[in-house]
Amino acid sequence: MAPTDKSPTPAPGAPAAQEPSLAEPTEPTDPLPPKPDQQAIQPRTATGAEPSSDPATTAQQGAYLTTSQGARLRDTDHSLKAGRRGPVLLQDHHLREKITHFDHERIPERVVHARGAAAHGVFESYGTAASITRAGFLAKGAVTEVFTRFSTVLGSRGSLDTARDTRGFATKFYTAEGTFDLVGNNIPVFFIQDGIKFPDVVHAAKPHPDREIPQAQSAHDTFWDFVSLHTEAQAHTLWNMSDRGIPRSYRMMEGFGIHTFRLTDAEGNGSLAKFHWKPKLGVHSLTWEEAQLLGGADPDFHRRDLTDAIEAGAHPQWELGIQVFPDNEEQSFEGIDLLDPTKFVPEELAPVQPVGLLTLNRNPRNYFAETEQVAFNPGHLVPGIDVTDDPLLQVRLFSYVDTQITRLGGPNFAQLPINRAHAPVNDMLRDGYGQQGDPAGVAPYHPNSLDGGCPFMAGSDDAAFTDLPVKVPEGVKERALSATFEDHYSQAQLFWRSMTAVEQDHIVDAYSFELGKCYEQAVKERQLQCLAEIDPELCSRVADALGLPAPEATGEHVGDAGVDASAALSQLGETWPVDGRMVGIVVDPEEDNTDLLTLHEAVVEASMTPVVIAPRGGEVAGVPVGRTFATARSVEFDALLIAGSPAPGADAWPSVDTKGGAPAGDGADPRLGLMVEECYRHAKAIGAWGRGRELLITRTPEGAPGVVAGKDGASVLAEVQELLGSHRVWERYGSAPAQ
């Protein structure tokens, strides 16, 4: 045959799309295309639609019920049987698919932080952190999508929102440089100093293993047995016994990164920093009685408050701030060890510098897919932010990944839609349970030549995450902590001294309740000794409530928190925006309510949420009734406006409604009287006009602070709105904070 210039057809079996080079590739190139005999899977959403920016493509498709493979069904009410009265057949594929999926539709709940609520939003950077970190989402003008989840710590998914507990505050930043997770709490100090103790503190705080009670609370023996013996927990415990343990709303809650992080600028210079979230609405709390009543009246109070506020347009906001410290060899500041997670740095020593604004503006569409499946990890970092040698943080870096693998069915939890990065991903990770990607190429290893060397390592000029070369202190392998971790009381002392008188009263009441629920006398006495080391007055008052002698401090626990008191620790003394506050408006349908619509809209225009309360449902003067006396309770509202004084309704008799047994000497519905009395007892602003004034006079002391009796709704609302800026009428407790 005549020779030809045509190359021979290659034999099948070539492992890659192009012939590899002899030398290892060094010039970065994009991933190679598939071989000619290969095609990528046609992209489809999980519900069979072609992907697009339209969010409807991920929702259910079509008008007919189908199997998970898209086959239409004609019956989902009857299993396939051998005759109408015969046994169910194994061949019923629809039954097996339906029941099998149902059997597995619940995933294991989180060990801690199981009960949560979340929202989407945006983070807008001020650019003020650009001089200390190269993180792109903190550059001036950067806008980043986020997902924030709030949670209690101890309770199961079915527990109540308002239990006394620490709250989680975790934010996922979907940055262009990769995902950054800031996973913190509403308390800046933690129970333990070393992560190896985390199983111990959680086992102690969870319900007793024999009875599985009490649920979602720390008022029991195993918790106080542990913290009274493991005294590094005392600072966190004191925060938890304060009003911080029962926040009014997730929208009115501070957040803290807890740990110290290392920031690096564009030149590679490092500094140490702590992250803070400051709510625009201020830090406010429930009273203990409100928390207890809400646990029965509305155990979903916090998650309802968050979603309702976003739906109403009162979008919650927090400023992200940082405290910055020199990255010195001791990793300490003003005598405070920055690697000790049971310590915080008072803002008087290191001011919190605002660096950006978080706004939550969109509720999840599906709780399970988003709030339940979101997976946070303090090891999700971006260039410019790195971890330190904090011994609690070091263990968290391992534990979070390990936990997600179990909860979310394997190592591919990052591919769930809520967890997917908003930056290009080329991770060489393959296969595993729940693999949702369709990786191409044949060389998921490095170095390679069969895939053209891709993926390549990023250089210093390619915005790569870089580990700062920090000198590790010379030492020996041992199970121990630095001597600087041994001060367990100075910061608890600082926190107590920083509280106003009314806040100290609440702390005493909390300890008295919690220790009063303990069975073992030794546990109570041991914790009283810990309180004696914090403050003799605190110890004496709690001991008196328990009917026990107050021990003397040993004098062995000497430390210095750096300042005598810190104003930033008290929740009182300032005024705040009233956005999203709930205002109850009591009306009598039998009276003239021509001004009700005007009042209702005036409340809306003030960025608050009005709720009309009447003896029965329906409408009053064209305004929908939001609550009846049978469904309303004072704890839902931040303030009460009384436009009328309805007579007892047909359902107010004691045999029908137990609240109806309250005295009603003024002729009003007894449930309204109870509502007014509770609002007064909880130091809330109350306003009245018209016939409502008569009720107010009989149910509240004459001249009482925060009780407004005016001539019309507009003037009363103006005064009540001003009072709401302080959250409560603190003068009713006998000692108002300084303004």
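The values are calculated or read from the model by the stated rules, or taken from the named source; none is laboratory data. The shown structure was predicted, so the numbers you read here are calculated from the model rather than taken from an experiment. Backbone-built Cβ (ideal geometry, glycine too); neighbour counts: all protein chains shown. We work out accessible area using only protein heavy atoms, side chains counted, and drop any ligands, DNA or RNA first. Shrake-Rupley method; radii C 1.70, N 1.55, O 1.52, S 1.80 Å.
With (1) modelled with pLDDT of 95 or more; (2) within 19 Å of the chain's Cα centre (by Cα); (3) open to solvent by 10 Å² or more (accessible area, probe 1.4 Å); (4) farther than 23 Å from residue 380 by Cβ as the list, and residue 217 as the residue in question, which single condition is left unmet? Only one criterion in (1) modelled with pLDDT of 95 or more; (2) within 19 Å of the chain's Cα centre (by Cα); (3) open to solvent by 10 Å² or more (accessible area, probe 1.4 Å); (4) farther than 23 Å from residue 380 by Cβ is unmet by residue 217, namely (1).
Against the definition (part of a helix (DSSP H, G or I) and more than 20 Å from residue 372 (Cα to Cα)), how does residue 203 come out, yes or no? Judged against the criteria, residue 203 is a match. From the set of residues in the range 536-547 that are more than 16 Å from residue 522 (Cα to Cα) and surrounded by 19 or more Cβ atoms within 10 Å (Cβ to Cβ), which is farthest from the chain's Cα centre (by Cα)? Once the filter is applied, the top-ranked residue is 541. Taking the listed residues 8, 51, 33, 43, the one that is of a type outside the set (D, E, K, R) and touching a residue at least 12 places away in the same chain (Cβ under 8 Å) is 33, with no other qualifying.
So in the range 18-33, with the set limited to residues that are open to solvent by less than 90 Å² (accessible area, probe 1.4 Å) and either over 48 Å from the mean Cα position of the chain (by Cα) or modelled with pLDDT under 85 (or both), which one is nearest to residue 438 (Cα to Cα)? Residue satisfying both the conditions and the ranking: 20.
Considering only residues that are assigned to a loop (DSSP other than H, G, I, E, B), touching a residue at least 24 places away in the same chain (Cβ under 8 Å) and of a type in the set (A, V, I, L, M), which ones fall in the range 417-427? Of everything in the range 417-427, those that are assigned to a loop (DSSP other than H, G, I, E, B), touching a residue at least 24 places away in the same chain (Cβ under 8 Å) and of a type in the set (A, V, I, L, M) turn out to be 421, 423. When the range 143-167 is filtered for residues that are in contact (Cβ under 8 Å) with a residue 24 or more places away in the chain and within 23 Å of residue 422 (Cβ to Cβ), the ones remaining, listed by number, are 144, 145, 146, 147, 148, 149, 150. Applying a threshold of 8 Å to beta carbon distances and a minimum spacing of six or more residues, or different chains, the list of pairs starting in the range 388-416 at a residue that is at positive phi and ending at one that is open to solvent by 20 Å² or more (accessible area, probe 1.4 Å) and in a loop (DSSP other than H, G, I, E, B) reads 409/107; 409/433; 409/434; 410/432; 410/433; 410/434.
Evaluated against (1) open to solvent by 40 Å² or more (accessible area, probe 1.4 Å); (2) of a type in the set (Gly, Ala, Ser); (3) over 22 Å from residue 306 (Cβ atoms); (4) out of contact with any Cys (no Cβ under 6 Å at 6 or more places or on another chain), residue 550 falls short on exactly one condition, (4).
The single residue among 277, 288 that is over 26 Å from residue 558 (Cβ atoms), surrounded by fewer than 24 Cβ atoms within 10 Å (Cβ to Cβ), at pLDDT 95 or above and within 17 Å of the chain's Cα centre (by Cα) turns out to be 277. Do we find a residue being touching a helix residue (DSSP H, G or I) at 6+ places or on another chain (Cβ under 8 Å) and not β-branched (Val, Ile, Thr) anywhere in the range 56-75? Scanning the range 56-75, I find at least one residue that is touching a helix residue (DSSP H, G or I) at 6+ places or on another chain (Cβ under 8 Å) and not β-branched (Val, Ile, Thr), so the answer is yes. Note on the range 108-128: residues that are within 18 Å of residue 169 (Cα to Cα), open to solvent by 20 Å² or more (accessible area, probe 1.4 Å) and in a loop (DSSP other than H, G, I, E, B) amount to 5. What do you reckon, is residue 51 loosely packed, with under 12 Cβ neighbours inside 10 Å, of a type outside the set (Ser, Thr, Tyr) and modelled with pLDDT of 85 or more? For residue 51, the condition - loosely packed, with under 12 Cβ neighbours inside 10 Å, of a type outside the set (Ser, Thr, Tyr) and modelled with pLDDT of 85 or more - is met. Would you mind stating whether residue 430 is under 26 Å from residue 39 (Cβ atoms), assigned to a loop (DSSP other than H, G, I, E, B), of a type in the set (Lys, Arg) and open to solvent by 50 Å² or more (accessible area, probe 1.4 Å)? So residue 430 fits the description; yes. One residue stands out in the range 332-389 among those that are touching a Pro at 6+ places or on another chain (Cβ under 7 Å) and open to solvent by less than 20 Å² (accessible area, probe 1.4 Å): the one that is farthest from residue 413 (Cα to Cα), namely 344. Screening residue 607 against (1) under 26 Å from residue 705 (Cβ atoms); (2) touching a helix residue (DSSP H, G or I) at 6+ places or on another chain (Cβ under 8 Å) leaves a single unmet condition, (2).
Taking (1) open to solvent by 100 Å² or more (accessible area, probe 1.4 Å); (2) over 34 Å from the mean Cα position of the chain (by Cα) in turn, residue 94 satisfies each apart from (1).
Would you confirm, using the coordinates I've provided, whether residue 467 is open to solvent by 60 Å² or more (accessible area, probe 1.4 Å) and part of a loop (DSSP other than H, G, I, E, B)? It is true that residue 467 is open to solvent by 60 Å² or more (accessible area, probe 1.4 Å) and part of a loop (DSSP other than H, G, I, E, B). Screening 134, 96, 115 for residues that are within 28 Å of residue 306 (Cβ to Cβ) and basic (Lys, Arg) leaves exactly one candidate, 115.
A Cβ distance below 6 Å, combined with a sequence gap of six or more or placement on separate chains, defines the contacts here; from the range 255-277, residues that are within 24 Å of residue 169 (Cα to Cα) and among the hydrophobic types (A, V, I, L, M, F, W, C) reach residues that are open to solvent by 20 Å² or more (accessible area, probe 1.4 Å) and outside any strand (DSSP E or B) in the pairs 258/190; 263/132; 272/327. Close Cβ contacts (under 6 Å, 6 or more residues apart or on different chains) running from residues in the range 87-101 that are free of Cβ contacts under 8 Å to residues at least 12 places away in the same chain to residues that are surrounded by 13 or more Cβ atoms within 10 Å (Cβ to Cβ) and among the polar types (S, T, N, Q) comprise 88/79.
Only one of the numbered conditions (1) at pLDDT below 90; (2) of a type in the set (S, T, N, Q); (3) touching a Lys or Arg at 6+ places or on another chain (Cβ under 8 Å) is violated by residue 491, and that is (1). Tell me the residue from 336, 322 that is in contact with a Lys or Arg (Cβ under 6 Å, 6 or more places away or on another chain) and over 30 Å from residue 417 (Cβ atoms), please. Only one candidate qualifies: 336. Counting only residues that are without any contact (Cβ under 8 Å) to a residue 24 or more places away in the chain, crowded, with 16+ Cβ neighbours inside 10 Å and more than 15 Å from residue 228 (Cα to Cα), the range 197-213 holds 1 of them. Are any of the residues in the range 86-107 part of a loop (DSSP other than H, G, I, E, B), of a type in the set (A, V, I, L, M, F, W, C) and closer than 30 Å to residue 191 by Cα? Looking through the range 86-107, at least one residue is part of a loop (DSSP other than H, G, I, E, B), of a type in the set (A, V, I, L, M, F, W, C) and closer than 30 Å to residue 191 by Cα.
The listed residues are 413, 398, and the only one of them that is within 25 Å of the chain's Cα centre (by Cα), under 21 Å from residue 371 (Cα atoms) and either hydrophobic (A, V, I, L, M, F, W, C) or open to solvent by less than 50 Å² (accessible area, probe 1.4 Å) (or both) turns out to be 413. Of all residue pairs spaced 6 or more apart or on separate chains, those with beta-carbon atoms under 6 Å, a first member in the range 292-309 that is part of a helix (DSSP H, G or I) and surrounded by 16 or more Cβ atoms within 10 Å (Cβ to Cβ) and a second member that is at pLDDT 95 or above and among the aliphatic types (A, V, I, L, M) are 293/635; 294/635; 295/160; 301/294; 303/117; 306/117.
Of all the numbered requirements in (1) within 20 Å of residue 183 (Cα to Cα); (2) assigned to a loop (DSSP other than H, G, I, E, B), residue 406 misses one, and that requirement is (2).
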